Amino acid sequence: MTDVPRASHHPSTDSAAAFPASPTQAPTQAVVLAGGQGSRLRPYTDDRPKPMVEIPGTGTPIIGHQLAWLAAEGVTDAVVSCGHLAEVLQDWLAQARLPLRVTTVVEEEPLGRGGGLKHAARHLPHPDQPWYATNGDIWTRFSLREMAAFHAERAATATLALARPRIPWGVVETNEFGQILDFIEAPPSPYLINAGVYVFSAEFAALLPDLGDHERTTFPRLARERRLAGFPLPQGAYWRAIDTAKDLTEAARELAAQSAP
């Protein structure tokens with residue numbers, strides 16, 4: 001386990017008491033799952049883990065954008081779970097000027113998504129309080145505080161952010177007679193998907209498997225018990241999973257469009 005200090009103009013790791021948290025407030029701690037190999041992003045991931053791939057035109061890796069977003073949403077402590085080429089990520093975190101405290105943990109052997117999340121959660125500074133989690137390949141911006149309020153209002157044990165991605169193909173609209181009415185390029189999907197961002201109540205960590213995938217064990221169990229909630233991303237919220245080189249190109253294009261006057 002490695003503690004990464006923030007930039008010198010921020011309080012040191014020893015000053016955690018400077019950020020008091022309350023169960024009634026939004027979480028101030030988070031886990032970032034950053035151990036993926038990113039095989040579909042090669043050659044970008046030949047010498048770095050997936051979250052260390054830079055968004056073109058920004059000069060900042062994916063995880064840098066994530067940590068800045070988490071800090072802007074009130075998070076003061078993050079645990080980064082490393083795996084593939086962990087030392088590259090750890091070196092960057094040690095040298096970067098970070099807006100929050102970061103601790104890194106490394107899986108000595110593959111634990112699966114659920115086991116890895118549980119392993120990382122053990123290092124959260126406030127185990128008796130709620131926490132956020134995000135996959136290390138997600139680039140998004142929306143109000144985590146609103147998501148935390150949604151979670152609390154429903155007394156959920158876990159809440160998933162839900163995105164409606166665009167279909168990557170053009171679609172054809174027809175009428176009841178089979179006549180083509182229109183061609184629509186990359187429309188929004190009619191289905192919501194797991195957006196890879198979560199709010200968890202304190203007791204959630206104990207429900208995770210030591211080894212394996214929580215999305216096949218813990219989440220279905222909570223769903224049956226009506227303790228799992230879904231928070232649809234607000235209209236206009238930016239969300240993209242960075243899985244392929246094409247995603248990098250699209251993210252850069254979208255960023256340029258947002259920055260244009």
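The values are calculated or read from the model by the stated rules, or taken from the named source; none is laboratory data. What you see is a predicted model, and the numbers here were worked out from it, not measured in a lab. Positions of Cβ are backbone-derived with ideal geometry, glycine not excepted, and every protein chain shown enters the neighbour counts. For the accessible areas, the whole protein counts, side chains as well, though only heavy atoms, and no ligand, DNA or RNA atoms are used. Shrake-Rupley method; radii C 1.70, N 1.55, O 1.52, S 1.80 Å.
For region 55-97, the solvent-accessible area with a 1.4 angstrom probe is 35 square angstrom per residue.
The simple Förster model, with R0 at 35 Å and r as the Cβ-Cβ distance, assigns residue 91 and residue 166 a FRET efficiency of 0.45.
The accessible surface of region 98-144, taken with every protein chain in place and a 1.4 Å probe, is 52 percent carbon and sulfur. Of the Cα atoms belonging to region 107-261, the radius of gyration and Dmax stand at 18.7, 62 Å. On a per residue basis, region 140-252 carries 57 Å² of accessible surface, using protein heavy atoms and a 1.4 Å probe. Can you give me the long-range amide H partners of residue 104? Hydrogens built in the peptide plane at 1.01 Å from N, cutoff under 5 Å, separation of 5 or more residues or another chain. Amide H neighbours of residue 104: 2, 3, 4, 80. Label-to-label distance, residue 215 versus residue 153, with points set 7 angstrom from Cα along the beta-carbon direction: 2.7 nm. Within the shell defined by Cβ-Cβ distances under 12 Å, the residues around residue 156 carry a net charge of 0, with Lys and Arg each +1 and Asp and Glu each -1.
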